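Asks: Before we start, here is the structure in question, set down as structure tokens.
Throughout, read-outs are computed from the coordinates displayed, never taken from laboratory work. None of the values given here were measured: they were computed from a predicted structure. Neighbour counts are summed over all protein chains in view; Cβ atoms, including those assigned to glycine, are modelled from backbone coordinates with ideal geometry.
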Amino acid sequence: MSGFETLDWIAIAGYFGIMLVIVWWVVLQKQRTSTDYFLAGRNMPWFVVGASIFASNIGSEHIVGLAGQGSTSGMGMAHWELHAWVVVMLAWIFVPFYYRSKVFTMPEFLEKRFNSTARWILTIVSLIAYVFTKVSVTVYAGGVVFNVLLPEIQVPITENFVLDAFWVGALLTVTLTGAYTILGGLRAVVYTDTIQTVILLVGSAFITIIGLNKLGGWGELQAICRENAENFALWRPNSDPNFPWLGILIASPIIGIWYWCTDQYIVQRALSAKDLKNARRGALWGSFLKVWPVMIFLVPGLIAYALHQKGLIGIPMKMANGQEALDGDKVFAVMVSSLLPAGLRGLVVGGLLAALMCSLSSLFNSCASLFTVDIYEKINPKASERHLVTVGRIATLVVVVMGVIWIPVTQRVSQGGLYRYLQDVQSYLGPPITAVFLLGLFFKRINGHGAVAGLTIGFIAGMGKMTLQALTGGNEPYITSPEWLVNVGQYNFLFASGWLLLISIVAIVGVSLVTAPPNYEQIVDLTYATTSPEQKKERRESWGLVEVLMTVVVLGLVLGLYLYFSFWLN
């Protein structure tokens, strides 16, 4: 494709026009208090909460990365995209405790349940993980697409230095997103997320439909994928080096519970709801939206592979582990440029911009919340509400700059695929957090000493495994002996996630049992065993037939997709 046509630019301009109107309206509302800025005044209706949960999850790394994984490894990553059932857990198990405790952040909840040390550990780990994985990867994914779609863009900075399409696209979107997040806070984030969710779903659905039509229908897709069924099946034998079925069963729920039920990035949306009923229903609405990424983000990757095999499109190649392979991270952009007509192409790129800006705005605001509430306010407890809002805005700006600086590093570490890179990192970060939150809610005997031990040991072990994996892998490994160390580094990330969970659980339970139990007054209403009658009544009044039906529909859809794709290549 030589470039965008007039209709494409009109579609993109229309998207930005809508965003500008929403942000301007939000800015006029004034963000006077920290509750206004970080939790949108705790006044969001359920449909906005759910849309924001979904849109925050589906970033440009999802669209770009999932299409790439679909084209190179089939349905292997679908298990992570069928986590709608975990979002149901958020609605029914976790939200009642979070909302009742009136916390701003997940580390703050850990301090209420355990102690301030646990809060500090989770805050620091979360901030580092956000800046050096999610922010930079999201911006990088957007830049990759701009580089393919608009290669002719060149912005000369000096005589010898020119910004190409990758950097122009990355810097433009991160700057615009940072600006409206700084000005409007979480209120700007959730309202723009609602509009962006619609654009995202419509644009991606068009790629699936048009791609299938060009290919010749679903039957043709099945036939071509069946020829490579070993690499495209949902379930793989335990001998598979990437997606063994037992490893999937172990690691997928661990990562899912950490991400959907304990991560500030997601849970902050539920905390912004106007009441517990809206928080629960919003999470259930988000779980319904989460059902569809397999069909509109992963399946297009399968379609791209099939079209490439038939010679209908050309996906660039790259070197991976000494062999030539499809460059999965460019699949989405190639499909947009090859399949879509003018105007619709602009709409879909608008969807990508929506995904990029949704994820970034959510990340920026979550990072600002963590720094301001869990670090700055702890150090300066007498800071005024207006001062905290200002600190939050400065923190957002710092995160924007750090994320951009880290992009060149992301270009190197994501050579195996963006989405796979993210899952690797999350497999090593998630287990100790999952263990602490689950044990903390369900067992009142778990104390602060145990929580700190589990988080510390779990994180050290996880980072050690990730470091060894980086040093012993790739085309030119830094470490080649001793053999046992290389084996640890190259041990499958899915099984490693299970061992990390077990290590964390043993540390939490063991240390808790040999130290004094927590004071009952501290943990009242923070565990199932210490739930007060008032909380039980509030929780029961927060759900009815609508919530039950939403749950049944979501679980039914997840089960249906699992059953179909378990046998679709037989």
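Asks: Using the Kirkwood formula on the Cα atoms of segment 242-317, what hydrodynamic radius do you get, in angstrom to one decimal?
Replies: 15.6
Asks: For segment 70-170, which chymotrypsin sites (Phe, Trp or Tyr not before Pro) pass both filters: DSSP loop (anything but H, G, I, E, B) and at most 11 other C-beta atoms within 10 Å?
Replies: Qualifying residues, ordered by number: Phe161.
Asks: Which whole-Hz couplings ³J(HN,Hα) result when phi for each residue of segment 546-556 is put into the Karplus expression 6.51 cos²θ - 1.76 cosθ + 1.60, θ = phi - 60°, listed in order with x for Gly and Pro?
Replies: 4, 5, 5, 5, 4, 5, 4, 4, 4, 5, x
Asks: How much length would be gained if the chain were fully extended between Asp275 and Ile124, taking 0.36 nm per residue of separation minus their Cα-Cα distance, in nm to one decimal?
Replies: 51.4 nm
Asks: Across segment 6-567, what fraction of all alpha-carbon pairs, as a whole percent, falls in each successive 20 Å bin from zero upward?
Replies: 21, 57, 21, 1
Asks: Measure up Lys214/Lys290; Lys112/Lys444; Lys102/Lys274; Lys277/Lys536; Lys277/Lys537; Lys290/Lys536 against 18 Å on the Cα-Cα distance and list the ones that go over. Working shown, then result.
Replies: Numbers: Lys214/Lys290 27 Å; Lys112/Lys444 13 Å; Lys102/Lys274 12 Å; Lys277/Lys536 13 Å; Lys277/Lys537 12 Å; Lys290/Lys536 29 Å.
Beyond 18 Å: Lys214/Lys290; Lys290/Lys536.
Asks: Explain nothing, just compute: Karplus ³J(HN,Hα) = 6.51 cos²θ - 1.76 cosθ + 1.60, θ = phi - 60°, for every residue of segment 92-108 in order, whole Hz, x for Gly and Pro.
Replies: Residue by residue, segment 92-108 yields 8, 9, 9, 3, x, 6, 4, 5, 5, 6, 6, 7, 8, 9, 5, x, 5 Hz.
Asks: Let me ask something else. How far apart, in nm, are two points set 7 Å out from the Cα along the Cα-to-Cβ line at Trp499 and at Arg386?
Replies: Taking the simple label geometry, Trp499 and Arg386 are separated by 5.6 nm.
Asks: Relative contact order for the chain: what percent, with Cα pairs under 8 Å and sequence separation of 6 or more? Spell out each step's value before the answer.
Replies: Values: 957 pairs, mean separation 164.4, N = 570.
Result for the chain is 29 percent.
Asks: Counting only residues 5 or more places away or on other chains, whose amide H sits under 5 Å from the amide H of Leu163 once H atoms are built in the peptide plane?
Replies: Val155, Ile157
Asks: Size of the dipole of segment 6-567 about the Cα centre, Lys and Arg at +1 and Asp and Glu at -1 on the beta carbon, nothing else charged, in debye to 20?
Replies: Numbers: 36 positive and 31 negative charges, 316 e Å.
Its charge dipole is roughly 1520 debye.
Asks: Name the long-range amide H neighbours of Ala273: under 5 Å, sequence gap of 5 or more, or other chain; modelled H, no Pro or chain starts.
Replies: Here Met44 satisfy the definition.
Asks: How far, in nm, would the chain grow between Glu159 and Lys310 when pulled straight, counting 0.36 nm per residue and subtracting the alpha carbon separation?
Replies: Details: separation 151, 0.36 × 151 = 54.36 nm, distance 4.43 nm.
The Glu159-Lys310 span can extend by a further 49.9 nm.
Asks: For segment 425-437, just list the computed ³J(HN,Hα) in residue order, Karplus coefficients 6.51, -1.76 and 1.60, θ = phi - 60°, integers in Hz, with x standing in for Gly and Pro.
Replies: 4, 5, 5, 9, 8, x, x, x, 5, 4, 4, 5, 5
Asks: Got a sec? How would Ser497, Ser338, Ser101 order by Cβ neighbour count within 10 Å, fewest to most?
Replies: Working: Ser497 29, Ser338 17, Ser101 14.
Fewest-to-most Cβ neighbours within 10 Å comes out as Ser101, Ser338, Ser497.
Asks: So in segment 6-567, what percent of DSSP beta bridges are antiparallel if you round to the nearest 5? Before the final figure, lay out each step's value.
Replies: Working: 6 of 8 bridges.
Here the share of antiparallel DSSP bridges comes out near 75 percent.
Asks: What value, in deg cm²/dmol to 500, does the helix sum -39500 (n - 2.57) over DSSP H runs of n ≥ 4 give at 222 nm once divided by the residues of the chain?
Replies: On the way: 28 runs with 399 residues, N = 570.
Calculated from helices alone, the mean residue ellipticity at 222 nm is -22500 deg cm²/dmol.
Asks: Amide H of Arg236: which non-local residues (sequence gap of 5 or more, or other chain) have their own amide H closer than 5 Å, using H built in the peptide plane?
Replies: Excluding prolines and chain starts, which carry no amide H, the hits are Trp245.
Asks: Extension gain Leu485-Val524, at 0.36 nm per residue separation less the Cα-Cα distance, in nm? Kindly include the intermediate steps, with their values, before the conclusion.
Replies: On the way: separation 39, 0.36 × 39 = 14.04 nm, distance 4.55 nm.
Here the segment from Leu485 to Val524 would lengthen by 9.5 nm.
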